[in-house]
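Single-structure report; data block below.
Since every read-out is calculated from the coordinates, none of them should be taken as a lab result. Values in this document were obtained by computation on a predicted structure and should not be read as measured data. As a convention, Cβ positions derive from the backbone with ideal geometry for all residues, glycine included, and neighbour counts pool all protein chains shown.
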Amino acid sequence: MTVSEATGQPLDRVDGRLKVMGGARYTAEWDVPGLVYGAVVVSTIAHGTIRTLDTAAALRAPGVRAVLTHDNAPRLQPLPEKVGETLFRGEGGITETRQPLQDATVEYAGQPIALVVADTHEQARHAASLVRVTYEERPPQLDQHTAARQSKPESFLGSKEEKLQVTIGDPKAALAAAPVQVQQVYESGITHHSPIEQVATIAHWEQRGGTDFLTLYDTTRGLDNTQAVAALSLGLPKERVRVICPFVGGAFGAKGWLFAPVLLAAMAARVVKRPVKLEWRRQEMFTVAGQRAATRQTLALGATRDGKLTALQHDTHTHSSLSSGFTEPCARVSRMMYAVPNLGFSHQLAHLNLPSPCPMRGPGETVGGWALECALDELATELNLDPVELRLRNYAEKNPETGKPWSSKNLRECYARGKALIGWDARNPKPRSMREGRELIGYGMATTMYPAGRRKAAAKATIFADGRALVQSATHELGNGAYTIFRQIGADGLGLPVEQVRFELGDSALPTTPTAGGSVTTATVGPAVLQAARAAVRALQQLAARDAKSPLYGAAPEAVEARAGRLQLKATPATGETYAAILKRAGLPSIVGTDEAQPGAEREQYSFYSFGAVFAQVRVDEASGTVRVARLCGVYDVGRLMNPKTAHSQIIGGMTMGLGATLMEETSYDPRNGRAVVRNFADYHMPSMADTPDIQVEWLNIPDPFISELGARGIGEIGCVGTPAAITNAVFHATGRRLRSLPLTPDKFF
Ligand code: MOS
């Protein structure tokens, strides 16, 4: 069976119409009979202890059913360190260790310290405003550089492969001996995911046969993790917690990491004995829904006069919260991108009285790759060498850290095509040499990459007697196109036209898949969908082979093929019958195939990455310091595309987010009290249509021969990586000024 009839086609989003017509139901839009509403009270100090929490006025307010505080909230089970391969706590844990309302300690401004439950949303909000709190305040640690508690994490999310403190060769000596050196400090501020859909949870307890069951409608990109954290915290077996989320309105790394809303809603629902809906306001999205950590990165490059890198040292200092060990792993690009014999990187965390950071699109790669690719540009200037040529001279034919061959790498083609698209060779390479009126014009480029992960997943396919089919897997639709591409892959696996196949996701009761993170979903769930679909067809084939009335009676499985809802002999396709006919004669309403797919030994043999090259043209108004991105072109080597249309959206979305990170996005905290100063979309600037050029995206569409039969690597994050350095380098070319602090707001020019 070839996986190409539907797979690889630019099918429209199957959920597109539902979404624009308002028919796609997001978490806060679910209704459950008897629903009541929660509203959080958050701390106004960043560090200390709650002395008094006066809830009397709130309790007297109309409609109020309960006010939960650390004094009266149900006790939660502390999360274990590790369950299976999932780390729950401490350095590398998937969540902040801190569970809500379990003690009087305040670790950051905006921490949930009480939850009001009332009959309506408005009543809950009003009552929340009546809660009075006094604190024993302690001076907050808010400066990453002077913070008392610093740590040196050993690995990223507990991964055995991804060590965070690494030295290969002797980078120090090689740097000292290098004829050409670049050493610079690059800084980036805190940024927020800012998905359009805010975080929400509905918790609904039911008794069935004297046993408690909990249903959670939750905005999550990790059904499995949400289920696990809820079950562990509430002391229930996992089977008694069901998490439902058919649509996520954007996540970008948020939603699926921090679990306070889930636990708060579950506790509240237990206390008031009614289903409780809890919605985060936009302000709360800036304090309790995760963020990208601020970074300070020191990059040192040593090279020969002809531009061969001899040493690379990348030292990262980021912040984390008091109760999280999450590290923005900034050396992720440095560790693998160029053929450097002496390589070193280190990571240090400052534990601050700020909310917990978590992954944000291209965690590590986006700002770490920015620093590296800007340093490369500085080196190219030092060497008076074309920036693309510098990268070609250091092209890594294998992974420099592990020595493993790439599964597939065609980056040279990306550079060549990107140069042609932007008109690289037609520019005047001299900095500050191109001008139009008040505007300085500049060109810049950067390499981009993203690790091509794959994990274990399961799926189920059901063929019905009317010839239609349903494929199911507990994966996530975050705007990534999951409904669409898994329907395409499922249809090919089933040998059915795509219109006859439905795909369901977003329910933890379906076969399990991992969190939609690290751009692994396509490579992880795709093969499971394909295999489950084939298992269903195989079951049909066996049915036919055993049925004396079937034209396929006695036929060997290898002799039979599936085509357009029909099983037939490969040698004589006229001999065969439809799926519907087989099921009807057997008197069966449907037949099911299930399977699990996971990566194998290839993971040990090859190094799996996607690659790309990004080129930008900027116009800088010298008088105001305003940077406009006039053109943005990206050429990507991401394996085989499952759907060029949804892929295009993923990539331009990523590039737009990269543009925002470069020019405008930053959340500041008041250095005196740790409160977020930027807490809404008037202050947190993201690219509007007017800020965003017509982005040109191309891909090589060369299948990865080793990742899976589908040949597809993930594309969720690679667009965000690379773009910031391409723009920053273009700003240098336009102005002759090196800006080493993101975002490149106009004030930084003066
Ligand atoms: Mo992605 S932000 O690594 O989940």
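Listing for the model above:
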| quantity | calculated |
| --- | --- |
| Relative contact order (percent, whole number), the chain, Cα cutoff 8 Å, 6+ residue spacing | 16 percent |
| Protection proxy ranking, peptides 307-314, 599-606, 734-741, average beta carbon neighbours within 10 Å, highest first | 307-314, 734-741, 599-606 |
| Greater than 30 Å apart at Cα, pairs in LYS152/LYS172; LYS172/LYS419; LYS19/LYS273; LYS19/LYS163; LYS160/LYS419 | LYS172/LYS419; LYS19/LYS273; LYS19/LYS163; LYS160/LYS419 |
| Proxy reagent accessibility, fewest Cβ within 10 Å first, across THR575, THR211, THR662 | THR211, THR575, THR662 |
| Gyration tensor (alpha-carbon) shape descriptor, the range 3-54, a/c threshold 1.5 | prolate |
| Cut-off 18 Å (backbone N to label point 7 Å along Cα→Cβ of ARG138), residues of the range 303-326 | 320-325 |
| Rounded to whole Å, sorted largest first: equivalent-ellipsoid semi-axes of the range 138-274, Cα gyration tensor | 44, 18, 16 |
| 3J(HN,Hα) from dihedral phi, the range 584-598, Karplus parametrisation 6.51/-1.76/1.60, rounded to Hz, x for glycine, proline | 4, 5, 7, x, 9, x, 6, 9, 10, x, 10, 7, 10, 10, 8 |
| From phi via Karplus (6.51, -1.76, 1.60), per-residue ³J(HN,Hα) for the range 443-457 in Hz, x at Gly/Pro | 10, x, 9, 7, 8, 10, 7, 7, x, 9, x, 8, 10, 8, 8 |
| Rg/Rh (Cα only; Kirkwood hydrodynamic radius) as it applies to the range 272-381 | 1.17 |
| Residue order, fewest to most beta carbons within 10 Å, for LYS430, LYS19 | LYS430, LYS19 |
| In Hz, Karplus ³J(HN,Hα) per residue of the range 418-428 (6.51, -1.76, 1.60; θ = phi - 60°; x = Gly, Pro) | x, 4, 5, 4, 8, x, 4, 6, 7, 7, 8 |
| For THR97, distant residues with modelled amide H under 5 Å away | GLY90 |
| Residues MET664, MET445, MET689, MET337 arranged by fewest to most Cβ contacts within 10 Å | MET689, MET664, MET337, MET445 |
| Only Lys, Arg (+1) and Asp, Glu (-1) charged, at Cβ; the chain dipole about Cα centre in debye | 600 debye |
| Length gained when the stretch ASP119-ALA176 is fully extended (0.36 nm per residue, less Cα-Cα span) | 13.7 nm |
| The range 603-741: radius of gyration over Cα atoms, expressed as a fraction of 2.2 N^0.38 Å | 1.24 |
| For ASP170, residues with placed amide H under 5 Å, excluding near neighbours | LEU343 |
| Sites ARG628 and THR578, calculated FRET efficiency, Cβ-Cβ separation with R0 60 Å, nearest 0.05 | 0.55 |
| Placed amide H near THR626: partners under 5 Å, 5+ positions off or other chain | ASP621 |
| Rounded D (µm²/s) - the chain, Kirkwood Rh over Cα pairs, Stokes-Einstein at 20 °C, 1.002 mPa s | 78 µm²/s |
| Label point distance in nm, GLN183-LYS456, each placed 7 Å from Cα along Cα→Cβ | 4.7 nm |
| In the range 463-566, the trypsin sites (Lys or Arg not before Pro) that fall in loop regions by DSSP, at most 13 other Cβ within 10 Å | ARG546, LYS549 |
| Gap separating the Cα centres of the range 30-68 and the range 367-409, nearest whole Å | 53 Å |
